[in-house]
Amino acid sequence: MKVVHLSYFKAEYGGNFIKQQINLEKTLRTIGLESIFIFPEGARNKKWCKNIINNNIEVIFLSENKSLIFLVRKLYDMLKDENIVCFHSNFGLYDNLGFIMSLVMKYKNIIHFRAMNNISNKNFGIKLRRYIKYKIISSKSYAIAISNAVSKELHKDKFNKNHIVLIEDGIDFTRLNSNIREIGENKKLNFLMFGYDIKIKGVDLVLEAFENLIKEDYDISLSVVVAANEEEFLNYINEKNIDDKMKKRLNILKPTEDIYKYYLNSDAFVSASREEGFSNALCEAAFMKLPLIVSDIEGTSWAKKLPSSLLFKSNDVDDLINSIKSLINNYNEYSISCNDSFNIVFKNYSIKNWSYKMKDFYLKNILNVICEENNV
């Protein structure tokens with residue numbers, strides 16, 4: 001029996017997601033399920049993808065910019081003789097494909113919702129299409145939500161509530177090293193954030209806050225990891241006429257497989273997102289024992305239990321500035337509390353715990369159901 005994992009993923013670095021997929025493949029094997037991974041053609045030459053293939057895991061590549069009908073036909077021809085039990089899609093663009101394949105081949109379907117998709121400010125037509133889509137899809141599909149925020153959003157979208165399963169995301173902590181970051185005293189503090197999208201990630205808020213703080217002679221700097229839309233990011237800085245003092249304190253970082261190095265070179269982490277599904281980076285920063293500045297939104301509400309977190313009102317620059325000042329003035333105290341935060345995230349959000357929950361989900365909702373349907 002096989003599970004088909006459809007992931008529209010072709011990033012340069014596999015990061016936590018690919019670690020999850022490899023871990024899931026190993027876990028599913030323990031309950032008698034083999035895996036077939038499906039990626040877009042653009043993933044073929046990525047190092048992480050070659051590693052998957054070298055581990056004797058079956059991988060299928062799909063052409064890009066092809067119609068849904070074309071992909072359904074192609075995939076059906078390739079899988080019609082396989083003993084498939086379900087399709088499991090990630091990252092949106094393959095959700096429809098997985099659902100249609102599950103109908104055509106009469107198998108189970110799982111959609112993994114890894115991000116928020118707030119449409120409250122969208123027009124009626126978009127809301128109606130989404131409502132109809134989820135009403136149809138959820139009748140035959142399970143939704144795995146990576147946080148309470150995502151689960152609540154699916155409820156609002158009228159996804160069948162009996163088919164929504166909450167499995168909070170899991171982090172591969174082996175990618176990180178929490179024991180060698182040195183905490184200095186009376187030095188310039190370097191803050192780290194991730195900002196692939198200026199508005200969603202609240203980069204505009206953080207830049208404005210840091211400009212004001214630097215004008216007040218606070219000895220701080222900001223590093224922003226820009227995993228996508230770098231040109232847009234640079235254009236934004238130029239258009240906003242960012243102060244020269246701020247520019248000298250601003251470091252733009254590219255994505256890397258060795259992400260732990262960015263945490264090691266930082267003294268605090270900022271998550272200023274206006275919306276968020278879970279935030280792996282925030283969880284990683286807590287594991288790396290960095291004090292945290294966090295916007296008070298549903299998607300990162302789990303961070304409220306971390307003693308090293310300072311929350312500020314979402315979209316409120318003044319409150320963000322006050323939180324940063326509070327962290328600077330009490331940095332040693334928050335650094336000490338990072339040990340407790342480390343223990344909390346290590347206990348609750350490891351990839352090992354995630355894999356156990358995923359295995360239980362498959363046993364209960366896929367294998368046991370199949371057995372009942374076949375009177376086994």
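The values are calculated or read from the model by the stated rules, or taken from the named source; none is laboratory data. Quick caveat, the model's predicted, so the values are computed rather than measured. Heads up, the Cβs are rebuilt from the backbone with ideal geometry, glycines too, and the neighbour counts pull from every protein chain shown. To get the accessible areas, we keep the full protein, side chains included, count just its heavy atoms, and leave off ligands, DNA and RNA. Shrake-Rupley method; radii C 1.70, N 1.55, O 1.52, S 1.80 Å.
Computed values, structure above
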quantity: Evaluation of residue 274 against (1) touching a strand residue (DSSP E or B) at 6+ places or on another chain (Cβ under 8 Å); (2) within 30 Å of residue 24 (Cα to Cα); (3) at pLDDT below 95 (one fails), failing number; calculated: (2)
quantity: Hey, residue 66 open to solvent by 10 Å² or more (accessible area, probe 1.4 Å), without any contact (Cβ under 8 Å) to a residue 12 or more places away in the chain and of a type in the set (D, E, K, R) or not; calculated: yes
quantity: Conditions (1) open to solvent by less than 50 Å² (accessible area, probe 1.4 Å); (2) under 18 Å from the mean Cα position of the chain (by Cα); (3) closer than 17 Å to residue 193 by Cα: number failed by residue 349; calculated: (3)
quantity: Pairs where the first residue, in region 164-176, is free of Cβ contacts under 8 Å to residues at least 40 places away in the same chain and within 15 Å of residue 361 (Cα to Cα) and the second is open to solvent by less than 10 Å² (accessible area, probe 1.4 Å) and not basic (Lys, Arg), C-beta under 7 Å, 6+ apart; calculated: 164/143; 164/145; 164/154; 166/145
quantity: Positions within region 317-333 being touching a residue at least 60 places away in the same chain (Cβ under 8 Å) and open to solvent by 10 Å² or more (accessible area, probe 1.4 Å), in sequence order; calculated: 317, 321, 325, 328, 331, 332
quantity: Meets criteria (in contact (Cβ under 8 Å) with a residue 24 or more places away in the chain, open to solvent by 40 Å² or more (accessible area, probe 1.4 Å) and within 24 Å of residue 176 (Cβ to Cβ)) for residue 339; calculated: yes
quantity: Residue list for region 175-204, restricted to those being aliphatic (A, V, I, L, M), at pLDDT below 95 and within 22 Å of residue 329 (Cβ to Cβ); calculated: 183, 189
quantity: Residues within region 129-175 that are open to solvent by 20 Å² or more (accessible area, probe 1.4 Å), closer than 20 Å to residue 21 by Cα and not in a helix (DSSP H, G or I), tallied; calculated: 4
quantity: So residue 37, is it part of a strand (DSSP E or B), buried (at least 18 other Cβ atoms within 10 Å of the Cβ) and in contact (Cβ under 8 Å) with a residue 12 or more places away in the chain; calculated: yes
quantity: Any hit, region 294-303, residues being open to solvent by 10 Å² or more (accessible area, probe 1.4 Å), in contact (Cβ under 8 Å) with a residue 60 or more places away in the chain, more than 28 Å from residue 257 (Cα to Cα) and of a type in the set (Asp, Glu); calculated: yes
quantity: Residue count, region 349-376 (criterion: in contact with a Lys or Arg (Cβ under 9 Å, 6 or more places away or on another chain) and of a type outside the set (Gly, Ala, Ser)); calculated: 6
quantity: Number of positions in region 360-375 that are at pLDDT 85 or above and either in contact with a Cys (Cβ under 7 Å, 6 or more places away or on another chain) or among the acidic types (Asp, Glu) (or both); calculated: 2
quantity: Residue satisfying condition, being touching a Lys or Arg at 6+ places or on another chain (Cβ under 9 Å), under 30 Å from residue 299 (Cβ atoms) and either modelled with pLDDT of 90 or more or not hydroxyl-bearing (Ser, Thr, Tyr) (or both), within set 99, 113; calculated: 99
quantity: Residues being in contact (Cβ under 8 Å) with a residue 40 or more places away in the chain and farther than 19 Å from residue 34 by Cα - total across region 353-376; calculated: 1
